[in-house]
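The values are calculated or read from the model by the stated rules, or taken from the named source; none is laboratory data. Quantities reported herein were computed from a predicted structural model and do not represent experimental measurements. In this analysis, Cβ positions are derived from the backbone assuming ideal geometry, glycine residues included, and neighbour counts consider all displayed protein chains. Accessible surface is based on the protein model in full, side chains and every heavy atom, while ligands, DNA and RNA are left aside. Shrake-Rupley method; radii C 1.70, N 1.55, O 1.52, S 1.80 Å.
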Amino acid sequence: MRPPRAACLGTATALAALLACAPVVNAAASDNDSAHAKGKGRIITLTGRLAQQSRFPVNPGGSPAQGDRTVFRSVLFDQKGTQVGETGGVCTTTRVEDGGAEECVVTYTLPGGQLSVQGMVFGILIPGPPPSFDNAITGGTGKYSRARGSVHADTIAPGTRRFTIDLD
């Protein structure tokens, strides 16, 4: 079984992580207007808190293995602490040597639509806090239907990540 710290949060955790783990989320998220004014896209900063997580190991009770899966959901908050959405996703272990790696697919549900995010998270089996990661925004729905860009995630506390959504 994977060590507890190997949990994904969205985007990839994916997602997380998530989450993970898009255009401005109304006033619900922090939007960097100066970047938008310069034609470089928009920045949305959110905090994700792990709400649910289930692990499905290939070798129950054994060591981590290729194909282990983690399914998760996290709640998203803006910088004022207001809940603005959630993430849901799955990460699959692709490598157990050299610190391990997972491929994550995460959906960010926000006011006005959803963002689809996916990518690799490296170092999942290294002791300590979950690693930072960068994943690609691959699409979206609603007001995010043409979304492209990336999501950067940093662990800021146990079960909590900061997601910086950089929209092209």
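Go ahead and run the numbers for FRET between T141 and R162, Cβ-Cβ distance against an R0 of 35 Å, rounding to 0.05. Efficiency, rounded to the nearest 0.05: 0.90. Considering all C-alpha pairs of the stretch 116-168, those separated by over 16 Å amount to 47%. For the listed peptides 77-86, 126-135, a ranking on the average number of other beta carbons within 10 Å per residue, highest first, reads 126-135, 77-86. Across the stretch 67-154 the C-alpha pair distances fall into 5 Å bins from zero in the proportions 3, 14, 20, 25, 18, 11, 6, 2, 0 percent.
Quick one: compute a quarter of the convex hull surface over the Cα atoms of the stretch 84-129 and quote it in nm².
Working: hull surface 14.6 nm².
Quarter of the Cα hull surface area: 3.7 nm².
Just the number, please: carbon plus sulfur as a percent of the accessible area of the stretch 65-163, 1.4 Å probe, no ligands or DNA/RNA counted. Reported share for carbon and sulfur atoms: 53 percent.
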